[in-house]
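All remarks here apply to the structure that follows.
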Amino acid sequence: MRVCGVEFKNNEAIVCLLSLSDGLFDIPDCRTSRITLLDSNDRQNLKDFQFSFNKLMTDYKVEKVIINQAPMKGKFSGGGLAFKMEATLQLSDELDVVIMTAPEVKEVLKRNPLGIPFKETGLKEFQQAAFNTAYAYQQREMFAS
């Protein structure tokens, strides 16, 4: 199954593709590591953001989008833009979206740590949270079966 982990930072959706087949993980190449929302106050820009994201998921045959949910309150709470982007993706009829909270991701990673250092994945450091979200979802699904 191919999934896309997503983390929202500022006005960007940071993405990481991850496939699982026969118990082996693969990080496929992707033409972009982030999709930017230009102006969240303009309805057309929200539609353009949704279209660009949907197109990327279609092009790479992504079956599920796993969003690292922005906390509602506290030191690391998400801003209004993060919630807008999250809702925009959740409302897309073309995407199968799953939300995972930071505590859920942390718990799965604690039980099923990555077998190699993150640096060896070949991903950019800013993609780590998106990768962790995708990896945690894949692990949770693999062991739930």
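Nothing in this text is a laboratory measurement; each read-out follows from the coordinates by a stated rule. Quick caveat, the model's predicted, so the values are computed rather than measured. Please note: Cβ atoms are built from the backbone with ideal geometry, for glycine as well, and neighbour counts cover all protein chains shown.
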So what's the net charge close to GLN138: Lys and Arg +1, Asp and Glu -1, counting the other residues with Cβ under 12 Å from its Cβ?
0
Going from the fewest other Cβ atoms within 10 Å to the most, one would list TYR137, TYR60 as TYR60, TYR137
Taking r as the C-beta separation of PHE51 and CYS30 and R0 as 30 Å, the FRET efficiency to the nearest 0.05 is 0.95
How much length is gained if the chain between ASN41 and THR101 is pulled fully straight, taking 0.36 nm per residue apart and subtracting their Cα-Cα distance, in nm to one decimal?
19.0 nm
Once both axes come from the Cα atoms, what is the angle between helix 43-59 and the longest principal axis of the chain, in degrees from 0 to 90, rounded to 10?
30 degrees
Given LYS9/LYS124; LYS9/LYS110; LYS64/LYS84; LYS9/LYS84, which pairs have Cα atoms separated by over 21 Å?
LYS9/LYS110
Computed on Cα atoms, Rg of segment 2-144 relative to 2.2 N^0.38 Å comes out at 1.00
Choice from ASP93, ASP22, ASP39 showing the highest fluctuation, given a GNM over the chain with Cα pairs closer than 10 Å
ASP22
If you take the Cα Rg of segment 87-145 and divide it by 2.2 N^0.38 Å, with N the number of residues, what do you get?
1.25
Could you calculate the contour length gain from ASN10 to ASP59, that is, 0.36 nm times the residue separation minus the distance between their Cα atoms, to one decimal place in nm?
15.1 nm
Counting only other residues whose beta carbon sits under 15 Å from that of GLU107, what net charge do I get with K and R as +1, D and E as -1?
+2
Among CYS4, CYS30, which comes first, second and so on when ranked by fewest other beta-carbon atoms within 10 Å?
CYS30, CYS4
